[in-house]
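All remarks here apply to the structure that follows.
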Amino acid sequence: MPIELGDDSAVFANNEAPSSFVDMLGTAAYRCAAAAMRLGVFRALQQDALSIVSLAATVGADERGLRILTDALVGFGYLTESAGLYALTPLSSKWLVDSPYATVELFWQQVMFEMWDGIEESVRTGKPSVDFYAWLAARPETSRRFQSMLDSHAQMLATEMAPLIPVPPRPARLLDLGGGHGRYSTALCSLHPSLTATVLDYPSALGAGGPRVTMRPGDYLRDDLGTGYDVVLLFNVLHGHPASGNQALLARVADALAPGGVVAILEHGRDAPGPADVAFLRTFSLNLFHGQNGEVYAIDEITSWLTAFDQPTITRLRKSPTQYLITAVRQNR
Ligand SMILES: C[S@@+](CC[C@H](N)C(=O)[O-])C[C@H]1O[C@@H](n2cnc3c(N)ncnc32)[C@H](O)[C@@H]1O
């Protein structure tokens, strides 16, 4: 949690001491929390406060090393210590054990402390020094966490999203590129009884599918997309590619759509309601560049790529205000 600076805050605010030192402490705090999560320290304290001897025995760690770590965690606000007993704080108890946010935290810890190692190389050369999806494929547990984060987010958004996408009231076909878990396709098929959907994604990302939702393993950059679709979803896909790649992909999507068919794009914008969201979007953008040669694009830039489409609509999502749904209709050519 943010370090309480107390009387020191004015010194940093007036630039009489380097506030990057506070960032260094914040990074140390985050790394200590990562160590505690990976060692199972928070989980071990879920029921009762424990002495360091009991805690070390429970998590299978060295007593002295664990005492030094837990003392740091007390300083950073993740644990309390009283009469030799360590306990969770409201932060660690609510968010870092058995909460969906714990998955998010474990994912980002690994990204920042492992995958960001070569970030200077990416920036120097202008090419990602890591292939994010290859990096994920080598880490099945991390890959599961990534998919679970996407799935939870999609579950939260699907009911708001589905009615915003125009689907013809007749037997219709939808293609969900990079649709992974299939949550959005499933929601649309539930809303439109004569719709069938194909979700195209890497095999490791595909969910179970369901009634009228077919899972197709493949690579949307290389494989034939087919033709005659009424709707193509590109949800959280364009941010994973450079602008030129997105323009090429949108041209192929236009070819895959029937005349009058609709492309629906879900993306983060660059603006956000609060400073933490703005900071996250910039962090996310750097991560996308480093691992995929993508970035968080301005919504105007995305709509400028829709040269084969008419009638663009842009909707800011209520349940996820940093994200926009863009729909557009394929031109009759
Ligand atoms: C950020 S996720 C978005 C998942 C889903 N559309 C959503 O919004 O929750 C991007 C998805 O695209 C898939 N993907 C990335 N590149 C791909 C490619 N070349 N071919 C197929 N799938 C790809 C990933 O496996 C991942 O499931």
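We did not get these values from a lab; they are worked out from the coordinates using the rules stated. This structure is a prediction, so every number in the text was calculated from the model and none was measured. Note: ideal-geometry Cβ built from the backbone for every residue, glycine included; neighbour counts use all protein chains shown.
Observations, loosely collected:
- Rounded to the nearest 10 degrees, the inclination of helix 63-76 to the longest alpha-carbon principal axis of the chain is 70 degrees.
- Cα centroid separation, region 123-197 to region 94-121 (Å): 21 Å
- Here the calculated FRET efficiency for Ser190 and Asn15, from their Cβ-Cβ distance with R0 = 45 Å, stands at 0.20, rounded to the nearest 0.05.
- For the chain, the antiparallel share of DSSP beta bridges with both residues in that region comes to about 50%.
- Angle in degrees between helix 20-39 and the longest Cα principal axis of the chain, rounded to the nearest 10: 90 degrees
- Whole-number D in µm² s⁻¹ for the chain, Kirkwood Cα-pair radius fed into Stokes-Einstein, 25 °C, 0.890 mPa s: 110 µm²/s
- Euclidean distance of C-alpha centroids, region 1-35 and region 202-272, integer Å: 42 Å
- About the centre of its Cα atoms, the chain shows a dipole size close to 1180 debye [charges on the beta carbon of Lys, Arg (+1) and Asp, Glu (-1) only; nearest 20 debye].
- Kirkwood Rh and Cα Rg combined as Rg/Rh, region 169-306: 0.98
- The stretch between Ala28 and Lys94 holds 21.7 nm of extra length on full extension. This uses 0.36 nm per residue minus the Cα-Cα distance.
- Between Asp300 and Met156, the modelled label-to-label distance comes to 2.9 nm, taking each label 7 Å out from Cα in the direction of the beta carbon.
- Angle between the chain longest axis and helix 275-292 axis [Cα atoms, degrees, rounded to 10]: 70 degrees
- As a proxy for reagent exposure, ranking Thr103, Thr186 by other Cβ atoms within 10 Å from fewest up yields Thr103, Thr186.
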